[in-house]
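The values are calculated or read from the model by the stated rules, or taken from the named source; none is laboratory data. All figures in this text were calculated on a predicted structure; none of them were measured in a lab. Ideal geometry is used to build each Cβ from the backbone, glycine not excepted, and the neighbour counts take in all protein chains shown. The accessibility values were calculated without ligands, DNA or RNA, using every heavy atom of the protein model including side chains. Shrake-Rupley method; radii C 1.70, N 1.55, O 1.52, S 1.80 Å.
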Amino acid sequence: MKTNSSNSIIGKPLDRIDGILKVTGQARYTADTKQQKLAYAVLVQSTIGSGTITELKLAAAEKVPGVLAIITHNNAPKVQKPKTSNPLLLLQDNIIRHAGQNIAVVVADSLQAATLAAQLVEVAYKETPSKTDLASAQAPAKQEDKDYVRGDLAAGLAQGKISIQQQYTTPTEFHNPMEPFATVASWENDRLTLYDTTQGVFPTRKTVAETLGIPVEKVQVITHYLGGGFGCKLVVWSHVILAAMASKEVNRPVKLVVQRRQMFGPVGFRPMTIQKLTLAASREGRLTAIEHTSVSETSVFNQFVESVDEPTKVMYACPNMRTSVKTAALNIGAPIWMRAPGDAPGSFALESAIDELAEKLELDPVELRLLNFAKVHPESKLPWSSNSLKECYSRGAEKINWSARKAKPRQVLDGKYLIGTGMAAATHGTYRSTASAIVEIFANGHVTIKAGTQDIGTGTYTIMAQITADVLQVPPETVTVELGDTNLPPTPLSGGSMTAATVGSAVHDVCMAVLNKLKTMATTDKKSPLFGVAAHDIEASGGGLVTSGGSASISYRDLIKSSGQPVVSAQVESKPTPEAEAYAKQSFGAQFAKVRVDSELGTIKVEHLVGVYGAGRILNAKTARSQMIGGLIFALSMALFEEAIFDHQLGRLINGDLEQYHLPVHADMPEFDVSFVEEHDPHINSIGAKGIGELCITGAAAAIANAVYNATGIRVRDLPISLDKLL
Ligand code: MOS
């Protein structure tokens, strides 16, 4: 690993290298894909939650000029069950399992014709009662997933002198990336090309190939730009396969863009959770036992577990523990990972409960957390590869002026406003997977980096250019980054906040490999000024190679030109090292919130959000800060606004659009104060970077809830904290 030298391009707040392309509309997102003879597909979705289709009347729809095909369960080709994905409902039968299920796809010459025809499809149903209410649903007694047990829970509970026991709930929430799902499918004989909105071009290729029963080599998936995903784009949903089916059926390229209203339910969401937490501690505040049980929603056709106990297992040193995560199957679409899945709702409950325990112990919430700081990983007992949590607490406390906070709630008044301050810890796992990359250096000095991974909007293009520029010591403007295509080297999906560490390491390693090649060329070429110099006495500098003493040098251009080759390239596969397995890898942070509550109206304004994080080496200060602010907005939104509201009689969502599903707007934004503790982690990977995109949403909703309690004396355990709950 190169050291964090101050002149390194790594860490610099470089503008996005694709920024100009994006703001000038030159960056082509999936729905912008142009094709000859493009046809348009529109989905028809079930209006009931449970039952069967008894009749489909298509005559009126088929009469619309320009309609090319209507695919339903009566004429859809049979498909395979993929082994790699959540079960897909692909018009294989007439059974309705949830409202919003795709029941037909209409293909036409124009989007207008397809939209009109889709509205004219008449459906008759035989309806059966829908189950959509988690609160009244019972988790089945026998479930596969075993409880997690550490130590002796009963003994720990008995040993504790002070305890709290509470129930917390988090509602169903929708990802709603700015860019809706879209697929452009085209066939050339037996080869399928998919432009698709995916967080994983390779996993998408695999699922599509398996479902359609064709070899993966026959499928190419392309995602050059993605307008956010937040987890919903980690898997293939049925519309992707339906677009491919439609294209085959009409023998033309087909574009299918999921409508905004269709983004609410059928394409993943964060499931509702009902969590029970029991904390027991000694009088001094040492945790003796934690019990964390939960039930979350899943659908009747898949099994998805929201692992809310993840933070509970790692956050504090606690010898005795039991956690259990159960599910109840409902007539809803399939839930899926959403930004910090498990950790976000789980940490809301845990960090609220810790705040409640602190009050009962008459201890400062920061002090209580420090008292239970986990010096090693509480389960594996492995040492942390790095852990800056304590510094995050102290820096954050200073920034929010924590020492001035009144421990007793409802003490600070400003006219009719109640002011409160709260905090919570943040944590997320640090993952790294296997990835490949190619580097090419051309005789004109230009460098190209190629990797299959997609930039999901976080700045992957930019940080890969920075890593390349750093290793090869070339200006970042001379680096072209090609991403988002299964024809490029294999990489994993962009999930679990692991892309920077995974693909970044591969880019680092491949640049090191090409550098070694160049050194060999320079030291063995008789015409080279570095001929005969030992390779370890040469370093990259100023767009070429130079001896350690600086006495001799050669530019990459001259070196490559003199070799007579047009390009020097390398490809590597980069894997997690066994050395890293000797450490527990986790990122931590602390978040502090200051809120202002109108005592007459119950309205809440978050005035100040402070986030301090230890997340390894930060590759780009600007894009990293943006990600953290994005996560804090996600958390603010979770704390105060977002909530799916179902009509349980009808089995349907009531507020499935951006008008009625509340999200924060600019006027709701607090002052953000985001910073990183400088963390040198030599163990995790060759670039020392941890993930950051999910860390910032963990704990932050609890920090706001704890601040609201400090302001008002009202403890809201059921998110969102809407104003009615404060009156
Ligand atoms: Mo994230 S939920 O792993 O996109």
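Numbers for the structure displayed
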quantity: Within the accessible area of the chain (1.4 Å probe), percent carbon and sulfur; calculated: 52
quantity: R0 of 41 Å, Cβ-Cβ distance GLN166-HIS666: FRET efficiency to nearest 0.05; calculated: 0.75
quantity: Neighbour net charge for VAL221 - beta-carbon separation under 10 angstrom, K R +1, D E -1; calculated: 0
quantity: Leading residue at positive end of dipole, the chain (Cβ point charges), from SER637, TYR168, TYR316; calculated: TYR316
quantity: Residues of region 656-727: accessible area per residue with a 1.4 Å probe, Å²; calculated: 36
quantity: Listed residue pairs exceeding 23 Å between alpha carbons, taken from LYS206/LYS517; LYS78/LYS326; LYS83/LYS381; LYS37/LYS57; LYS206/LYS233; calculated: LYS206/LYS517; LYS78/LYS326; LYS83/LYS381; LYS37/LYS57
quantity: Whole-Å distance, taken between Cα centres, linking region 484-547 and region 262-295; calculated: 45
quantity: Sites LEU658 and LYS605 - FRET efficiency at Förster radius 25 Å, r taken between beta-carbons, to 0.05; calculated: 0.70
quantity: Length-normalised contact order of the chain in % [C-alpha pairs under 8 Å, at least 6 apart]; calculated: 17
quantity: For the chain, calculated [θ]222 nm from helices alone, where every DSSP H run of n ≥ 4 adds -39500 (n - 2.57); calculated: -7500 deg cm²/dmol
quantity: Aspartates and glutamates with Cα under 13 Å of LYS248, excluding same-chain neighbours fewer than 8 positions away; calculated: GLU188, ASP190
quantity: Cβ charges +1 (Lys, Arg) and -1 (Asp, Glu), total dipole of the chain, debye; calculated: 520
quantity: Residue-normalised accessible area of region 372-486, expressed per residue, 1.4 Å probe, Å²; calculated: 37
quantity: Eligible aspartates and glutamates near LYS594 by straight Cα distance, threshold 19 Å, same-chain separation 8 or greater; calculated: GLU351, ASP355, GLU356, GLU359, ASP364, GLU367, GLU398, ASP414, GLU607, ASP668, GLU671, ASP673
quantity: Rg and Dmax [Cα atoms of the chain; Å; Rg one decimal, Dmax integer]; calculated: 27.4, 85
quantity: Accessible area in square angstrom per residue, region 230-332, 1.4 angstrom probe; calculated: 27
quantity: Electrostatic dipole magnitude of region 1-80 [Cβ: Lys, Arg +1; Asp, Glu -1; Cα centre; debye, to 20]; calculated: 260
quantity: Accessible area (Å², 1.4 Å probe, nearest 10) - ILE274; calculated: 30
quantity: Where a label projected 7 Å from the Cα of LYS575 along Cα→Cβ would reach, residues of region 435-470 with amide N under 11 Å; calculated: 435
quantity: Point-to-point label distance, GLU477-THR54, nm (Cα→Cβ direction, 7 Å offset); calculated: 7.1
quantity: Entries in LYS161/LYS605; LYS390/LYS690; LYS360/LYS406 that, when Cα-Cα distance is taken, lie over 27 Å; calculated: LYS161/LYS605
